[in-house]
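Read the structure below first, then the notes.
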Amino acid sequence: MPLDWSVVGIFLMVVCSIGSFFLGRHFSRGWRARHRAKEEAAARARETRQQRRARERRQRPR
């Protein structure tokens, strides 16, 4: 009994959707990293000297 074309079409649509999701996730990693770095730099530029020193103390290895 051959498969109905609508079943094959739905299957292909699901497979392509899943593939598109994972490709988009993979290729957006670089953009997200650059965007996050830019936001962190802007947050550091807005902080006061006291906030900067407190952040540096927290980040300093013991």
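The values are calculated or read from the model by the stated rules, or taken from the named source; none is laboratory data. If you're wondering where the values come from, they're calculated on a predicted model, not measured in any experiment. Note that we place each Cβ from the backbone using ideal geometry, even for glycine, and neighbour counts take in every protein chain shown. Accessible surface is based on the protein model in full, side chains and every heavy atom, while ligands, DNA and RNA are left aside. Shrake-Rupley method; radii C 1.70, N 1.55, O 1.52, S 1.80 Å.
Assessment of the stretch 17-29 against the conditions (surrounded by 10 or more Cβ atoms within 10 Å (Cβ to Cβ), β-branched (Val, Ile, Thr) and without any contact (Cβ under 8 Å) to a residue 24 or more places away in the chain) yields at least one matching residue. The set of residues in the stretch 25-45 being modelled with pLDDT under 95 and not in a helix (DSSP H, G or I) is empty.
Evaluate the following for Met1: is it open to solvent by 100 Å² or more (accessible area, probe 1.4 Å), over 23 Å from the mean Cα position of the chain (by Cα) and modelled with pLDDT of 95 or more? It is false that Met1 is open to solvent by 100 Å² or more (accessible area, probe 1.4 Å), over 23 Å from the mean Cα position of the chain (by Cα) and modelled with pLDDT of 95 or more.
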